[in-house]
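Written below as C-alpha cells is the structure these notes are about.
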Amino acid sequence: MLVGVAMTDVRLPPQQEPPDQPGGTPLSWFLRGMRKTFSVAGVILATAHVGFAGLALEAGMTMPQAVFMVGAIWALPAMVVLLGAVLSGASLFAAAFAVALSSIRLTPMVVALVPELRGRRTRSLTLYLLAHFVAVTSWVIAMHTIHTVPRDMRTSFYAGLGATLVVVNMIVVALVYAVLDSLPPAVAAALFLLTPMYFLTSMWGSAREQASHIAMVLGLVLGPVLHRLVPGFDLLAAGLVGGGIAYAVHRLRGRTYQ
C-alpha cells in the first residue's frame, strides 16, 4: 500500500485542482467520516469479523492476538491467510510473505484513492498513514462519497472513516471472544461460515463480467469433487480449472461479438 502512495506522489498543477467548497472544520469532517461507517457495508464487514473471531479462536489465537491482527493487518483476507499459515506451521518469513502477497491486490485501490485525497497542503506522511486503512469496504465507501467532500477536508473525512472501521471491528472481535464459549455449538459453528460467505457475496456483487460468475460457480462445484480426487491440491486445482474455463468462455464470447 505504501508503494501505491509512492506511485501517486505527483502533485496536480494548480489549474487542475477543483475549487474548495466552503464550510466545515477538520473535526466536523472527521465525524462525518465516522458516521459513514454505520452503513450496510459496515454492518456486513462487522459480521465478517464475527466469523474471523471464530476462526481465530479455533486456530488457538488469544483475544489480544486476534484484536492486534485486526488493527495491524486490517485486510480480512490477509488475516485469514495468516491464520492458515499459523495452523500449517509455516515459518515467520513464509507467513509474512503470504500476507504481503495477498495484500498486493490493494495497490490499485491506493493508486485510485490517493489522488482524490491529496489537497494543496497535504503531506505525504499523512497519505502514508491513511493508506493503512485502505481495504475493500473503506475504499468503496470513500470512492462513492469523496467527491462531495471539500478537497482540503478529504484526509480528515477518510481518517474518520478508516479509523472508525478499524476500531469498531477490533471491538467486535473482542466481544465475540468474550461470548463465544457461552454460545450453543450450532451457533458457534454458524459463525465460522460468516467469513467465507462474506467473501463469496462480496466477490459476486463486485464482479463486472459474467466470466467471474462462471469461475465462482465452477469453483463451488469442482471444489468438493477435487477434494476427493486430489486432496491437498483441491483449491489450486479448482481455481486453475474453473478460472481457465471461465477465461476461455470470455475470450470466445469476445470473438463472437467482434
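In nm, to one decimal, how far is the modelled label at PHE93 from the one at HIS144, with both set 7 Å along Cα→Cβ?
It is 4.3 nm.
Work out, step by step, the length gained on full extension between VAL167 and ARG105: first 0.36 nm times the residue separation, then minus their alpha carbon distance; give nm to one decimal.
Using 0.36 nm per residue and subtracting the Cα-Cα distance, I get 20.0 nm.
Can you give the calculated 222 nm mean residue ellipticity of the chain, where each DSSP H run of n ≥ 4 adds -39,500 (n - 2.57) and the sum is split over every residue, rounded to the nearest 500 deg cm²/dmol?
The helix-only estimate for the chain comes to -24000 deg cm²/dmol at 222 nm.
Can you tell which of LEU218, VAL140, THR122 lies farthest toward the positive end of the dipole of the chain, using +1 and -1 charges on the Cβ of basic and acidic side chains (Lys, Arg; Asp, Glu)?
The residue sitting most towards the positive pole is THR122.
Rounded, prolate or oblate: which fits the chain, taking a ≥ b ≥ c as square roots of the Cα gyration tensor eigenvalues, rounded meaning a/c under 1.5, else prolate when a/b beats b/c?
Because a/c hits 1.5 or more and a/b fails to exceed b/c, the chain counts as oblate.
Stick to the Cα atoms of the stretch 207-258, pair each with every other, and give me the Kirkwood hydrodynamic radius in Å at one decimal.
11.4
Using a 7 Å offset from the Cα along the Cα-to-Cβ direction at both ARG228 and ALA186, what is the distance between the two label points in nm, to one decimal?
With each label point 7 Å from Cα toward Cβ, the separation is 2.8 nm.
What is the magnitude of the charge dipole of the chain about its Cα centre, with +1 placed on the Cβ of each Lys and Arg, -1 on the Cβ of each Asp and Glu, and no other charges, expressed in debye to the nearest 20?
Using Cβ point charges on Lys, Arg, Asp and Glu, the chain gives about 680 debye.
Sort the following peptides by mean Cβ neighbour count (other Cβ atoms within 10 Å, averaged over residues), highest first: 34-46, 90-102.
Ranked from most to least packed, the peptides come out as 34-46, 90-102.
Using DSSP to define loop residues, name the trypsin sites (Lys or Arg not before Pro) in the stretch 205-251 whose beta-carbon has at most 11 other beta-carbon atoms within 10 Å.
ARG208
For the stretch 112-141, state which trypsin sites (Lys or Arg not before Pro) are in a DSSP loop and have at most 13 other beta carbons lying within 10 Å of their beta carbon.
ARG120, ARG121, ARG123
Just so you know, all these numbers are worked out from the coordinates, no wet-lab data involved. Please read these numbers as outputs of a predicted model, since none were measured by experiment. Note: ideal-geometry Cβ built from the backbone for every residue, glycine included; neighbour counts use all protein chains shown.
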